[in-house]
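> The structure under discussion is supplied below as structure tokens; questions concerning it will follow.
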Ligand SMILES: [Zn+2]
């Protein structure tokens with residue numbers, strides 16, 4: 001699963017804020033509640049489903065034939081998870097006869113008494129006739145998934161004309177048992193077949209292969225999907241809707257993309273790297289893609305970022321991008337890589353418990369780095385690892401959490417910045433310590449040993465130990481079963497032809513770490529000697545012979561250590577580091593130092609070979625107003641006209657806009673029609689600042705195709721004085737996806753502005769659409785945070801309903817007031 005980053009960030013910052021100023025007694029019982037792996041009394045063997053849908057009631061009618069057997073000890077009973085269902089019949093199937101079984105049901109679990117005691121491996125099949133009613137189910141959602149209904153009917157009655165009618169499911173963690181009775185635990189695996197009866201205008205998607213389709217007399221069609229390889233119940237999936245299926249393939253493997261018609265022309269641009277990714281992941285793991293096909297589908301109002309259902313990955317709407325958006329880069333590429341890698345780590349070998357979720361999520365996170373490195377170069381991969389580390393450090397409370405956690409309040413809590421980015425950064429260290437070949441050989445052994453089964457972290461360690469021949473308990477104890485990271489201070493001293501490097505560990509929330517470290521000692525220019533040392537004490541001093549004072553000592557020379565660092569280098573040494581040490585983090589650290597301490601050196605980064613560092617340099621120059629230096633400005637002017645990367649070019653244009661200088665008008669005119677929304681938006685911003693009286697008309701001229709930066713600029717101008725005709729634009733602007741905490745906060749503020757606008761509209765259909773979009777955004781916010789933000793939403797909505805009530809439109813006013821009851 002890939003969460004909505006902003007949801008996680010919002011949740012953690014709010015939860016932190018809450019726990020600080022809350023004098024209520026906290027429920028801390030969970031801190032003493034060991035989360036054992038689910039006991040396997042019965043094992044799932046096969047699950048056969050026959051389902052149809054009632055769109056009016058948002059119900060699903062289900063028939064299930066589930067085959068199980070006792071795991072080891074004989075048993076005469078069975079417990080199945082079945083959330084919020086109406087159970088009509090439960091019988092034991094014996095050949096052609098049905099034997100009614102005694103059962104009790106508490107709306108969460110079925111306790112079934114079998115007809116006799118069954119022995120280990122002795123199969124039996126139960127038939128259950130039931131109704132799934134997901135909207136009547138109440139369960140606490142999570143930061144990653146904002147609800148836990150399992151089965152979702154989107155716009156089922158077609159009341160929202162702008163939204164397609166869809167059905168999709170979301171199983172992780174234990175929500176699929178809201179639409180079929182099962183043992184809803186990750187350490188269960190079952191083969192699957194499913195017959196879905198749907199209105200014949202729709203297409204369906206599920207796990208495995210579509211084996212047959214049958215038209216029914218009542219205008220429906222029954223699609224029969226079958227999955228002959230066992231997988232965990234949380235990975236079951238159904239999708240139904242009016243999709244175009246864009247066909248692609250990897251060798252003989254079908255790789256299809258299910259998208260709305262509007263995005264069909266872009267489907268291969270959005271998802272088209274998937275075959276290459278499959279080839280790449282097969283190559284590095286040495287394990288062929290295990291499943292019979294790989295499809296991806298986009299769901300409206302999806303409650304998380306994306307989900308790796310076996311052979312049927314579900315993405316949220318942010319995956320949709322048009323041709324112009326893609327010019328700025330495919331914002332969904334890493335998510336596509338992430339979910340695909342789960343088909344190995346998660347689906348083929350599955351974590352046996354949520355405590356071990358790192359076996360799924362840290363690998364999926366790290367797969368993004370591996371793909372970035374392969375496709376976009378080492379700098380891109382290193383930049384991803386840097387993002388991982390920053391994401392982990394964003395919430396100080398995360399530093400006290402172990403990667404493998406047997407104590408947690410809610411199983412959803414483990415889907416956090418520790419299991420994902422910190423875990424990714426930890427795998428990057430492990431990769432580096434054991435070496436490329438050993439790393440991938442170990443993954444190969446782990447996958448082949450545990451395929452179609454579940455695993456816990458010791459099985460990963462054993463695979464690495466078998467391949468490398470080394471005891472790796474030290475690494476796993478520190479990084480998997482321990483918390484935090486080294487906080488190190490590095491000092492240098494040269495005397496008597498000896499360079500001393502003193503490394504102090506200053507962390508207080510975890511013990512002293514033991515770790516290997518590469519130290520490069522430079523005599524001059526690029527001439528260096530590499531030393532390998534082990535740090536293991538609160539303070540370690542290392543001695544290196546050197547004829548003269550070294551021009552640079554580069555500690556953690558490959559920049560692989562996950563740490564907080566105070567590195568007491570001089571400006572000269574950072575200059576040497578930028579020039580000669582050369583990897584992404586070497587250059588980034590130097591540029592950060594220049595930005596804070598030696599602005600005159602910062603402009604070096606404008607010519608960096610990696611676009612991300614050129615962008616970073618421009619941002620820092622912008623913040624420090626360093627563009628007033630003529631030599632720096634002339635480089636920025638060149639970048640604004642020539643940089644091959646659109647985001648860098650746009651940032652340079654943005655800086656020129658601030659100068660409000662007529663001489664840039666030709667440049668802005670040249671780029672205002674650029675295919676990139678970022679570049680064209682920056683250029684439009686420039687033009688409208690030069691001629692403020694033309695701003696509204698200019699903005700309107702570009703408004704019919706304005707997303708991203710262009711949408712922001714157009715929106716900002718139009719928003720100053722919006723008319724009824726600007727509704728589509730205002731709505732589009734409000735809808736733009738959120739990718740950071742800042743954007744989330746801005747959108748929460750923007751909700752008030754948007755509501756003010758809506759309160760003035762005469763077109764009630766527009767008002768309703770706008771209000772629904774506000775609710776859409778509100779529903780994406782995790783429940784734990786929602787209650788804190790809801791007063792803002794209430795205030796915004798009542799402004800609109802008050803306006804409607806005063807116009808005498810009681811019906812609409814009541815509708816709005818009812819939304820947040
Ligand atoms: Zn994931």
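> Considering all projection directions equally, how large on average is the shadow of the alpha-carbon convex hull of region 455-525, in square nanometres?
7.6
> May I pose another question? Nearest 500 deg cm²/dmol is fine: what mean residue ellipticity at 222 nm does the chain get from its DSSP H runs of n ≥ 4 alone, each adding -39,500 (n - 2.57), divided by its residue count?
It lands at -12000 deg cm²/dmol.
> Going by the alpha-carbon gyration tensor, a ≥ b ≥ c the square roots of its eigenvalues, is region 539-594 rounded (a/c under 1.5) or, if a/c is not under 1.5, prolate (a/b greater than b/c) versus oblate?
Since a/c reaches 1.5 but b/c is at least a/b, the shape of region 539-594 is classed as oblate.
> Could you tell me what fraction of 2.2 N^0.38 Å the Cα radius of gyration of region 173-323 comes to, as a two-decimal ratio?
Normalised by 2.2 N^0.38 Å, the Cα Rg of region 173-323 equals 1.06.
> Work out Dmax and Rg for region 72-204 from the C-alpha atoms and quote the Rg first, both in angstrom.
Here Rg and the maximum Cα pair distance are 17.2, 56 Å.
> Distance from the Cα centre of region 268-333 to that of region 668-696, in angstrom?
Taking the Cα centre of region 668-696 as reference, the centre of region 268-333 is 34 Å away.
> Quick one: P(r) of region 261-354 from all Cα-Cα pairs, 5 Å bins, percents rounded to integers, in order of increasing distance.
The distribution over region 261-354 is 3, 13, 24, 23, 19, 11, 6, 2, 0, given as percents.
> Moving on. Neighbour counts of other C-beta atoms within 10 Å: give me 474, 59 arranged from fewest to most.
Ascending Cβ contact count within 10 Å gives the list 474, 59.
> Divide, for region 643-712, the radius of gyration over alpha carbons by 2.2 N^0.38 Å, where N is the residue count.
My calculation over the Cα atoms of region 643-712 gives 0.98.
> What's the Cα-based Rg to Rh of region 593-743, Rh via Kirkwood?
For region 593-743, the value is 1.00.
> Can you work out the base-10 log of I(q)/I(0) for region 528-677 at q = 0.13 1/Å, using the Debye formula on its C-alpha atoms alone?
-0.68
> Right, next: Simple spin-label model, 7 Å along Cα-to-Cβ: residue 91 to residue 658 in nm?
Between residue 91 and residue 658, the simple spin-label model gives 7.6 nm.
> Same structure, new question: Once all Cα-Cα distances of region 433-588 are split into 5 Å bins that start at 0, what whole-number percent is in each one?
P(r) over region 433-588, rounded to whole percents: 2, 8, 15, 17, 16, 14, 11, 8, 5, 2, 1, 0, 0.
> Moving on to the next point. Can you give me the Rg/Rh ratio for region 327-486, using Cα atoms for both radii and the Kirkwood formula for Rh?
Result for region 327-486 is an Rg/Rh of 0.95.
> Okay, next question. Hey, any idea what the orientation-averaged projected area of the convex hull of region 702-759's Cα atoms comes to, in nm²?
3.7
> Among 502, 270, what is the fewest-to-most ranking by other Cβ atoms within 10 Å?
So the residues, fewest neighbours to most, are 502, 270.
> What whole-number distance in Å separates the alpha-carbon centres of region 491-513 and region 195-250?
Here the answer is 61 Å between Cα centres.
> When averaged across all projection directions, what area in nm² does the alpha-carbon convex hull of region 568-651 cover?
Across all orientations, region 568-651 yields a mean hull projection of 5.1 nm².
> How many nm separate the modelled label positions at residue 453 and residue 794, each set 7 Å beyond the Cα in the direction of the Cβ?
5.4
> Grab the beta carbon distance between residue 531 and residue 743, set R0 = 30 Å, and tell me the FRET efficiency rounded to 0.05.
According to the calculation, E is roughly 0.10.
> Could you give the nm distance between label points at residue 558 and residue 432, where each point is 7 Å from its Cα heading toward the beta carbon?
0.7
> What does the convex hull of the Cα atoms of region 177-261 come to per residue, in Å³, rounded to a whole number?
Spelled out: Cα convex hull of region 177-261, divided by residues, is 118 Å³.
> Here's something else I'd like to know. May I ask for the percentage of alpha-carbon pairs in region 313-388 that lie more than 18 Å from each other?
I get 48 percent for the Cα pairs in region 313-388 exceeding 18 Å.
> Two decimals is fine: what is log10 I(q)/I(0) at q = 0.07 Å⁻¹ for the chain, from a Debye sum with one equal scatterer on every Cα and no solvent?
Evaluating at q = 0.07 Å⁻¹ gives log10 I(q)/I(0) of -0.60.
> Also: Could I get the Rg over Rh figure for region 417-510? Both from C-alpha atoms, Rh via Kirkwood, rounded to two places.
1.11
> For region 397-458, treating each Cα as an identical point scatterer without solvent, what Debye log10 I(q)/I(0) comes out at q = 0.18, 0.19 1/Å?
Computed log10 I(q)/I(0) values: -0.83, -0.89.
> When the distances between all Cα atoms of region 664-821 are binned every 10 Å from zero, what whole-number percent does each bin get?
Bins of 10 Å from zero give 10, 36, 30, 17, 6, 0 percent of pairs.
> Would you work out the Kirkwood radius for region 65-115? I mean one over the mean of 1/r across all pairs of different Cα atoms, in Å.
12.0
> Then there's this: Evaluated at 10 °C with a viscosity of 1.306 mPa s, what Stokes-Einstein diffusion coefficient in µm²/s does region 48-142 have when Rh comes from the Kirkwood expression over alpha-carbon pairs?
Taking Rh from Cα pairs, D becomes 110 µm²/s.
> Taking Cα centroids, how far is region 62-133 from region 556-622 in Å?
One Cα centre to the other: 63 Å.
> Over the C-alpha atoms of region 182-230, what are the Rg and the largest Cα-to-Cα span, Dmax, in Å?
My reading of the Cα-based Rg and Dmax gives 13.1, 41 Å.
> Exposure proxy check: 747, 116, 451 ranked by fewest other beta carbons within 10 Å?
Ascending Cβ contact count within 10 Å gives the list 116, 451, 747.
Every number in this text was worked out from the coordinates using simple rules, so none of it is lab data. Note that the coordinates shown come from a computational prediction; the quantities given were computed from them, not determined experimentally. No Cβ is skipped: glycine too gets one built from the backbone with ideal geometry, and neighbour counts run over all protein chains shown.
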